[in-house]
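Participant: This is the structure I have questions about; it appears just below.
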Amino acid sequence: QVQLVESGGGLVQVGGSLRLSCAASGNTFRLNAIGWYRRAPGKQRELVASVSSVGSTYYIDSVKGRFTISKDNTKNTVYLQMNSLKPDDTAVYYCNSVPPKYAYWGQGTQVTVSS
C-alpha cells in the first residue's frame, strides 16, 4: 500500500507564495506519475500539475508560469511551489498518482488566498 501525506497549506494574501509537500511512504515503487490535484468550493477536483518518473511535467493553463512541481527521490517527496497566488487558487490540494487511485487520497491541505 501507498500512503501520501500533504502539508504546507495555509492562508496567504493575493500575490503571495506557498510550497506544498507530498510525502510518500509504503510501496512507492508502485508510483509512476504523481500529481497535485485541487478541489475548490462548489467545483470538481482537477489535476493541477504532475511529474512523471522521468521528470516530465504537466500544468493546467491557469497555473503555468506560477506553479512549479518538483520531486526529491531521496526523500520520496513531491513539492508544489505556488507563486503569484490568486483567489481562484483557493482550494483543498491533494496529491495522488496519475491517474488517481481511490485508496491513495489523503486529507489534503487547505490553501486560502485572501484578496
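Here, each number is a calculation from the coordinates, and none is a lab measurement. Remember, predicted model here, so these are calculated numbers, not experimental data. A quick note on method: Cβ atoms are made from the backbone with ideal geometry, for glycine too, and the neighbour counts reach across all protein chains shown.
Participant: In Å³ and rounded to a whole number, note down the convex hull volume per residue for the Cα atoms of the range 23-83.
Facilitator: Details: hull volume 6.3 nm³, N = 61.
In the range 23-83, the Cα hull volume divided by residue count equals 103 Å³.
Participant: Oh, and also: Take the Cα radius of gyration of the chain and divide it by 2.2 N^0.38 Å, with N its residue count; two decimals is plenty.
Facilitator: On the way: Rg = 13.2 Å, N = 115, 2.2 N^0.38 = 13.4 Å.
Rg over 2.2 N^0.38 Å, computed on Cα atoms: 0.99.
Participant: Positive end of the charge dipole of the range 1-55 (Lys, Arg +1 and Asp, Glu -1 on Cβ, about the Cα centre): tell me which of Gly26, Gln44, Val12 has its Cα farthest that way.
Facilitator: The one lying farthest along the dipole's positive direction is Gln44.
Participant: Positive end of the charge dipole of the chain (Lys, Arg +1 and Asp, Glu -1 on Cβ, about the Cα centre): tell me which of Tyr58, Asn96, Asn83 has its Cα farthest that way.
Facilitator: Asn96
Participant: Report, as a whole number in µm² per second, the diffusion coefficient that Stokes-Einstein gives for the range 61-115 at 10 °C and 1.306 mPa s using the Kirkwood radius over alpha carbon pairs.
Facilitator: Values: Rh = 12.8 Å.
Estimated via Stokes-Einstein, D reaches 124 µm²/s.
Participant: Something else: Of the candidates Ser17, Ser97, Ser62, which one comes out as most mobile in a Gaussian network treatment of the chain with C-alpha springs shorter than 10 Å?
Facilitator: Of Ser17, Ser97, Ser62, the most mobile in the Gaussian network model is Ser62.
Participant: Given a 10 angstrom Cα cut-off, can you work out which residue in Gln44, Gln81, Gln13 is the most mobile in a GNM of the chain?
Facilitator: Gln44
Participant: Suppose every K and R has +1 on its Cβ and every D and E has -1 on its Cβ; what is the size of the dipole of the chain about the Cα centre, in Debye to the nearest 20? Write down the numbers at each step before the final one.
Facilitator: Values: 12 positive and 6 negative charges, 22 e Å.
With Lys and Arg at +1 and Asp and Glu at -1, about 100 debye.
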